[in-house]
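What follows is a short report on a single structure.
The values are calculated or read from the model by the stated rules, or taken from the named source; none is laboratory data. Nothing here was measured: the structure is a model prediction, and the numbers come from that model. We place every Cβ from the backbone using ideal geometry, glycine too, and count neighbours over all the protein chains shown. Quick note on the areas: whole protein, heavy atoms, side chains included, nothing else; ligands and nucleic acids left out. Shrake-Rupley method; radii C 1.70, N 1.55, O 1.52, S 1.80 Å.
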Amino acid sequence: MQAAYYEKQGAAEEVINYQQMPIPEPGAGEVRVKIYASGVNPSDTKSRSGWGGIEKKFEKIIPHQDGAGVIESVGEGINKSRVGERVWIYEGQLGRAFGTGAEYIVIESEKAIKLPDNTSFVEGACLGVPAMTAHRAVFADGDVKGQTILVTGGAGAVGNYAIQWGKYGSATVITTVSSPEKAKIAEAAGADHIINYKTEDVVKRIQEITGKKRGINRIVDVDFSQNLNVANAVLRTNGGVAMYSANPDDAPALPILSLMLRNIIIRTILVYTMPQSAKEAAIKDITTALEDGKLHHNIAQKFSFKELAAAHEAQDSGKMIGKAIVEIS
């Protein structure tokens, strides 16, 4: 099989190589999937670069957690009826050396989720990290029906899904963006109100929209340190922040008394370590939303297999809006 790999950490164009490798065989409880599309996430490129002191755990690594394709064979204990099934994959490289950046992957059967016929492989490769992270961030503290949610960075891969999950849960969704281009992406996702934080006073606009000094129930946040003052100003009593992104040197000074007096929850989200029950809840809702045509995907750019390193460079540039997808087969 053709595969992309790296043996040392560093810049994508310097460390990612391509070669033919043996097609893997599934073991007990596993399936082998022919990969048609592989998704690139920030965690993939951070692992490759050694960002924040992340250590390389395997001698040779095929990157990427997310992907989609077709089950070609199954291991012991797995029903052979799964052969030929279209699937999307999550945690493809978690705890293992070889992820979805190759023609084939062997993975636990339960991490290969049936992909509805109305969803393409490219779209399926978007789901693992961003859609599951966003689902957890929106629903971690229960039902959102009738609530008002603030999603910071609503044009990003996670933020865009968070807007959709908020609307799926019958909430009013306010989002922040930094440009008219990103505002259009957030609008397409279904945001009720869009605030350009570069040109508008975010706190003032939220107060105008909600008609209250503090009118936000929950915040899905991409940059907690940067947005802490806004969160403190707009969260209602018993509100909360679910943050899913941070930098190694983030050490915000918390307004403890203000947050404590209103019983504010500060929740951190990492898709790889969130409870299995949360993953199962996300998978269930993702499946239903896809089947009903209610989940849409912010695909920034598609790359060929030989452009996998370029896809990493695009992700690392900070200029890409949405998800980078590598078409493998």
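Considering GLY69, GLY84, which residue is in the same structural domain as LYS306 (by the TED database), in a strand (DSSP E or B) and either buried (at least 22 other Cβ atoms within 10 Å of the Cβ) or out of contact with any His (no Cβ under 6 Å at 6 or more places or on another chain) (or both)? Full working, then the answer.
Numbers: GLY84 fails: in a strand (DSSP E or B).
It is GLY69.
Against the conditions (1) touching a strand residue (DSSP E or B) at 6+ places or on another chain (Cβ under 9 Å); (2) open to solvent by less than 40 Å² (accessible area, probe 1.4 Å), where does TYR18 fall short? Just the number, please.
Checking TYR18 against (1) touching a strand residue (DSSP E or B) at 6+ places or on another chain (Cβ under 9 Å); (2) open to solvent by less than 40 Å² (accessible area, probe 1.4 Å), the one that fails is (2).
Tally time: how many residues in the stretch 102-121 are over 19 Å from GLU25 (Cβ atoms) and touching a Gly at 6+ places or on another chain (Cβ under 8 Å)?
Step one: filter the stretch 102-121 for residues over 19 Å from GLU25 (Cβ atoms), giving 113-121.
Now restrict to residues that are touching a Gly at 6+ places or on another chain (Cβ under 8 Å): 115, 118, 121.
Summing the residues that are over 19 Å from GLU25 (Cβ atoms) and touching a Gly at 6+ places or on another chain (Cβ under 8 Å) in the stretch 102-121 gives 3.
Among the numbered conditions (1) under 17 Å from the mean Cα position of the chain (by Cα); (2) open to solvent by less than 70 Å² (accessible area, probe 1.4 Å), tell me where GLU280 comes up short.
(2)
Quick one: is ASP249 exposed (fewer than 15 other Cβ atoms within 10 Å of the Cβ), without any contact (Cβ under 8 Å) to a residue 24 or more places away in the chain and out of contact with any His (no Cβ under 8 Å at 6 or more places or on another chain)?
yes
How many residues are surrounded by fewer than 18 Cβ atoms within 10 Å (Cβ to Cβ) and touching a strand residue (DSSP E or B) at 6+ places or on another chain (Cβ under 8 Å) when one looks only at the stretch 310-320?
So the answer is 2.
Here are some conditions: (1) under 24 Å from ILE16 (Cβ atoms); (2) more than 17 Å from the chain's Cα centre (by Cα). THR288 meets all but one. Which one does it not meet?
Of (1) under 24 Å from ILE16 (Cβ atoms); (2) more than 17 Å from the chain's Cα centre (by Cα), only one is false for THR288: (1).
Please work out if ILE54 is within 25 Å of PRO248 (Cα to Cα), surrounded by fewer than 24 Cβ atoms within 10 Å (Cβ to Cβ) and among the aliphatic types (A, V, I, L, M).
yes
Consider GLY77 carefully, then state whether it is surrounded by fewer than 24 Cβ atoms within 10 Å (Cβ to Cβ), part of a loop (DSSP other than H, G, I, E, B), over 13 Å from the mean Cα position of the chain (by Cα) and at pLDDT 95 or above.
yes
Considering only the stretch 158-193, how many residues are surrounded by 24 or more Cβ atoms within 10 Å (Cβ to Cβ) and not in a helix (DSSP H, G or I)?
Going through the stretch 158-193 one residue at a time, the tally reaches 6.
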